[in-house]
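Student: Below is the structure I would like to discuss, written out as structure tokens.
The values are calculated or read from the model by the stated rules, or taken from the named source; none is laboratory data. Everything numeric in this text was worked out from a predicted model, so none of it was measured. So basically every Cβ, Gly included, is an ideal-geometry build from the backbone, and we count neighbours across all protein chains shown. We work out accessible area using only protein heavy atoms, side chains counted, and drop any ligands, DNA or RNA first. Shrake-Rupley method; radii C 1.70, N 1.55, O 1.52, S 1.80 Å.
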Amino acid sequence: MRSQQTIQHAAACQGVGIHSAAAVRLHVSPAPANSGVVFVRSDVQGADGRIPAHIDFVAATNLGTTLRNAAGAEVATVEHLLAACAGLGVDNLLVAVDGPEMPILDGSALMFAEMLLGAGLKQQASPRRAIRMRERVAVTAGTKSAALEPAAGAEFDVTIRYDDAAIGLQRRIFALSPETFMEEIAEARTYGFLADVDRLHAAGRGRGASLENTLVIDDGRVINPEGVRYRDEFVRHKILDAIGDLSLAGAPIIGRYVADQPGHALNAQLVRALLAAPHAWTWDVESDRETAPAALRVAAAG
């Protein structure tokens, strides 16, 4: 039986929002078992600043996932930190942020994951509950599709296709564990097209994007001087986003995510469809999914 996890010590980082370009500070701290990941707008007074990381609080999915509570407090671009939590098996975490958008850091989940590992992973006395798929749940949006199917563990089979030669057709099949997350997914960066910059800026989006936090594609080539971190970094980032978005179900999912051209909106649609179909899954407190290998754990506590 796998235990829930939080972190041992508080940790912090700072950066800019990829859309707002506003400077933001982030502080993470341990949270009790069964509390989940909870964002807190530290610049908002009282309980009005608390926003649980759950699909019920997803307010927007345009170029990122935004959570909003009933009082109107929101935090945008949460998916990379959530991917780090899900990838490392951090179930309970308090995330204080002093603005309406998470820092983008280097555009991947690597720095968030390193922050959590540096804080130490701490096992808790309560067992982890997981959602085990029993039947297929699927959603579509035009030519895009995503599904969750029964499987022995948390698996991903993702395909993307672009006309631009820098990306083209990419498919990756991936089995999630803390080790594979750090080795294959955490470093994959967000990406965009240089031709879209003026349109995005006019819409108030992408103002904090730069070659330091975004893979930028122009006319069939990646213009970042260092190039790509992986040959198929683009589809790996789609998997990263999906790991974060699927965690908004409120528990790890034991099943296979199969998607063609996925995005945040489709992922949110899939999570809602999953929770609306209780016959398609069951609670499982003996997940096959590892919490964290010994090399990643700093200490265990009851």
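Student: Please report the relative contact order for the chain, taking Cα pairs under 8 Å with a sequence separation of at least 6, and give it as a percent rounded to a whole number.
Tutor: Worked out over the chain, it gives 28 percent.
Student: Sequence-distant or interchain residues sharing an amide H contact under 5 Å with ALA60, placed H: which?
Tutor: Those lying under 5 Å, H to H, from ALA60 are THR66.
Student: Calculate I(q)/I(0) for region 80-189 by the Debye formula, one identical point scatterer on each C-alpha and no solvent, and give its log10 at q = 0.20 Å⁻¹ to two decimals.
Tutor: After summing over all Cα pairs, the log10 values are -1.30.
Student: In addition: From the protein chains alone at 1.4 Å, what is the descending order of accessible area for CYS85, CYS13, largest first?
Tutor: The most accessible residue leads, giving CYS13, CYS85.
Student: Which length gain, in nm to one decimal place, applies between ALA276 and SER29 when the Cα-Cα distance is subtracted from 0.36 nm times their residue separation?
Tutor: Once the chain is fully extended between ALA276 and SER29, it gains 85.7 nm.
Student: Per DSSP H run of at least 4 residues, take -39500 (n - 2.57); add these up for the chain, divide by its residues and hand me the 222 nm value, nearest 500 deg cm²/dmol.
Tutor: It lands at -5000 deg cm²/dmol.
Student: In addition: Quick one: grab the alpha carbon gyration tensor of region 73-142, order the square roots of its eigenvalues as a ≥ b ≥ c, and give me rounded if a/c is under 1.5, else prolate or oblate depending on whether a/b is larger than b/c.
Tutor: Here region 73-142 falls in the oblate category.
Student: Determine the order of ASP91, ASP48 by accessible area, beginning with the largest, at a probe radius of 1.4 Å.
Tutor: Accessible-area ranking of ASP91, ASP48, largest first: ASP48, ASP91.
Student: Please work out the average accessible area per residue across the chain, using the 1.4 Å probe convention, and give it in Å².
Tutor: Heavy-atom accessible area per residue stands at 42 Å².
Student: Based on the Cα gyration tensor of region 24-64, what are the three equivalent ellipsoid semi-axes, each the root of five times an eigenvalue, rounded to whole Å and given largest first?
Tutor: 18, 15, 11
Student: Follow-up question, since we're still on this one. Taking the Cα centre of each part, how many Å lie between region 232-276 and region 1-39?
Tutor: 20
Student: Give me the Å³ per residue figure for the convex hull around the C-alpha atoms of region 1-138.
Tutor: 121
Student: Still on this structure, I have one more. Round to a whole number: what % of the accessible area of the chain belongs to carbon and sulfur, probe 1.4 Å?
Tutor: On the chain, the fraction of accessible area on carbon and sulfur atoms equals 50 percent.
Student: I want to verify the translational diffusion coefficient of the chain in µm²/s; compute it with Stokes-Einstein, Rh as the Kirkwood radius over Cα pairs, at 4 °C and 1.567 mPa s.
Tutor: Here the translational diffusion coefficient equals 67 µm²/s.
Student: What is the distance, in nm, between label points placed 7 Å from the Cα along the Cα-to-Cβ direction at ARG134 and at ALA70?
Tutor: 3.2
Student: Just report the Cα centroid separation between region 92-146 and region 68-87, whole Å.
Tutor: Region 92-146 and region 68-87 have Cα centres spaced 9 Å from each other.
Student: What figure in square angstrom, to the nearest 10, would you give for the accessible area of SER145 with a 1.4 Å probe?
Tutor: Using a 1.4 Å probe on the heavy atoms, I get roughly 40 Å².
Student: Which value, in nm² and rounded to one decimal, describes the direction-averaged projected area of the C-alpha convex hull of region 111-244?
Tutor: Quarter of the Cα hull surface area: 10.9 nm².
Student: Continuing with the same structure: Take LEU211, LEU93 and sort them by solvent-accessible surface of the protein heavy atoms, 1.4 Å probe, largest at the top.
Tutor: Result, largest first: LEU211, LEU93.
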